[in-house]
1. Could you tell me what % of all Cα pairs in the protein assembly as shown have separations over 50 Å?
2. If you count, for every residue in A:58-64, the Cβ atoms of partner chains within 10 Å of its Cβ, what is the mean?
3. Tell me the net charge near A:Phe316. Cut-off is 11 Å between Cβ atoms, A:Phe316 excluded, with +1 for each Lys or Arg and -1 for each Asp or Glu.
4. So for each of B:159-166, B:186-193 I average, over its residues, the number of other beta carbons within 10 Å; can you give me the resulting order with the highest mean first?
5. Using the Karplus equation 6.51 cos²θ - 1.76 cosθ + 1.60 (θ = phi - 60°), what ³J(HN,Hα) coupling, rounded to whole Hz, does each residue of segment A:256-268 give in order, writing x for Gly and Pro?
6. Counting partner chain Cβ atoms within 10 Å of every residue's Cβ in A:67-74, what's the average?
7. Classify segment B:36-181: rounded, prolate or oblate, from the alpha-carbon gyration tensor (a ≥ b ≥ c, eigenvalue square roots; a/c under 1.5 rounded; otherwise prolate if a/b is larger than b/c)?
8. What distance in nm separates the two pseudo spin-label positions at B:Ser310 and A:Glu219, each 7 Å out from Cα along the beta-carbon direction?
2 protein chains.
Amino acid sequence: MFHLSRVVILGNSSYNIQKIAKSLGLSVTTVSRVISNQTEKYRISAKTAKIVRDFIAIHQIEPNEIARQLRMKSTKTIGLIVPDIANPFFSEIARSIENEARNNGYFVILGDSNDDQKLEEELVSLMQKRRVDGLIIAPVGKDSKTFEQLVSRNFPLVFVDRYFEELDGSYVSSSNYEGAVKATKFLIGNGHRKIACLQGLHGTSTNSNRVNGYLETLESEGLISDRNLVKGDSYSESDGYLNALILLKEFPQITAVLCLSNLIALGALRAIKELGKKVPEDISLITFDDQPYFQFFQSPLTTVAQQMTSIGTSAFQILLDHIVSGEGFSKQKLLLDMPLIERESVRIIGE
Amino acid sequence: MFHLSRVVILGNSSYNIQKIAKSLGLSVTTVSRVISNQTEKYRISAKTAKIVRDFIAIHQIEPNEIARQLRMKSTKTIGLIVPDIANPFFSEIARSIENEARNNGYFVILGDSNDDQKLEEELVSLMQKRRVDGLIIAPVGKDSKTFEQLVSRNFPLVFVDRYFEELDGSYVSSSNYEGAVKATKFLIGNGHRKIACLQGLHGTSTNSNRVNGYLETLESEGLISDRNLVKGDSYSESDGYLNALILLKEFPQITAVLCLSNLIALGALRAIKELGKKVPEDISLITFDDQPYFQFFQSPLTTVAQQMTSIGTSAFQILLDHIVSGEGFSKQKLLLDMPLIERESVRIIGE
DNA sequence: TTAGTTTGAACAAACGTTTGTGCAATGCTT
DNA sequence: AAGCATTGCACAAACGTTTGTTCAAACTAA
């Protein structure tokens, strides 16, 4: 027999629990129960358990998780769909979700919708096929129809960043209205009267809330709120650039601009530079979404920050809660505080 | 009968192809073959195919992908493990990989190793259990032992960014040596003689290549290469900060510093600022890993750029090649060009 | 009409787990 | 020594697909 049993097999050489069972003269059942630590419940002797465990350790066997998923009807996987994983705002959220997920035994499969509604819908469908246990989505945000069925089926789902008023789904976002109020008041407090706003995607919750906060603050502070000073229709750098250009040419009296995203701010900065103007000497600027590197800018940016890490961990916790409690879960809507971080991009205008 | 068949069932109400078959009075086999577009091969009539397809469309059925994966022994999923998904360098790579993967019918599951070797190893193991078809890993990088078995088993695997000389695995990275040479020559060409280097994790391929490029260029250009001017042991912001502080205090004669990562540069900048010095007036700076926002810095940073998108797409293509060609695959080692992007963080020193 | 061919679909095994239940063998009690 | 409780493990079905093969019905040709 040449001691065949002593041949060393490296790595995961397609061993499965059936082969383990055969090699050890045990039943598949027993092996399975040892692996899943059910030895107590099913009275597997300590001796047998050790034999199995040693064998697995020596041969470095990784039991087939797919089969387990099929049998258990649970994949221990969640889907994460974001509009742009390369945007530090979303990648920071992704990081905290991944961390939280892993610490709770879940995997996350990543989908980048590229801010495209169609693609987003496709990703949702694909992830359903994959039988993810739940979804965390930073939706593109204009249209809730993709998610209606998911929500009405009570499928575990949490929106982050943007959400839908008309949909009774869980979400975690920031108190965007209050954030905008804070920023606008700060500008007014520093003497600014002609304040423009570079907005993001029209019709998204995030955007509406911020724009409303901005407009209503202007009015409550006794200034005129001029819709013409609100421009833009995307959270992107290019949109920020283009509209900053238009805005500053059209209304030279503008002394401050409120940017509704980090990318928009980058675009605005590019436009301002190109026009030969300076921040904050010529134009003051406040933006949403704080980034660590903002402090190193020519003029370190004053920002309204989102608590990305908290958004991520809360979102996962809510999702997990939904997954485990199933039908009995009641939707959670969470709005996190937005601290104003003062740096040097806002000039004080004397009266 | 109350026309029960007309009850509208919304969404994926746990329909599977068995129930479809039963509802339609067909066999599971037939339904499966329609779904997988094998109607030609198995001669399913167009009429039958249409009936099945219509039924699926109406009821919005998503066939169970898990069962398919089990049967097919292929998950159409790859694992992506990076040290820090919140680092724009890695998130950009992640984006291009996700894109490329989706366009080829693959999903990517995300793992953040948090620059921790232990965690990285665990992630690899977990992903093996999940039966990913392949792995793309930006390894922490000090120790190749985690991957030895994977490579010797010829498991589809591509390293990005960092890799291991001693391991015959595929990788996609940048020509780090040449990049460092370019940067160092640029500094010397601008009159700098005392050039320090803030390095990343010691013992990683990326770091060694860059440090060697730096040191050897100093010598080839007739300057003294001083090992004491090379400090640091991590690609992180905090490491950059700490070592910049030490370095600048210890050697006040330094006129330029070469940072081996974007995060290190951020840390160095913080230290320089704290010491009351200015870039480039007091200290010139070049860093690896270009970021779009570098142009807006107090002193727009001159950088040695990596082609993140190309790294990602190439890595996936190589991986796919390995997956489909199986045993017959021959390893690919790819080093992408690193363009030097000149901005304003390097001062010209007169002789 | 008969034999041969083509068409359209079904049977059943397999992928690798988990788990309710059954059943010897052993231990304990009196 | 007999009866009962406990211990330790195995049987077999189920999860939802895919696919080689079989087979009846319909068509074709002579």
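1. I get 21 percent for the Cα pairs in the protein assembly as shown exceeding 50 Å.
2. Counting other chains' Cβ atoms within 10 Å and averaging over A:58-64 gives 3.
3. So the environment of A:Phe316 carries a net charge of -2.
4. B:159-166, B:186-193
5. Result, rounded to whole Hz: 8, 9, 9, 9, 8, 7, 4, 5, 4, 4, 4, x, 4.
6. What the average comes to for A:67-74 is 4.
7. prolate
8. For B:Ser310 paired with A:Glu219, the spin-label model returns 5.4 nm.
Values in this text are rule-based calculations from the coordinates and carry no lab data. Note that this is a predicted model, so its numbers are computed, not measured. Cβ coordinates were reconstructed from backbone atoms using ideal geometry, including for glycine residues, and neighbour counts include every protein chain displayed.
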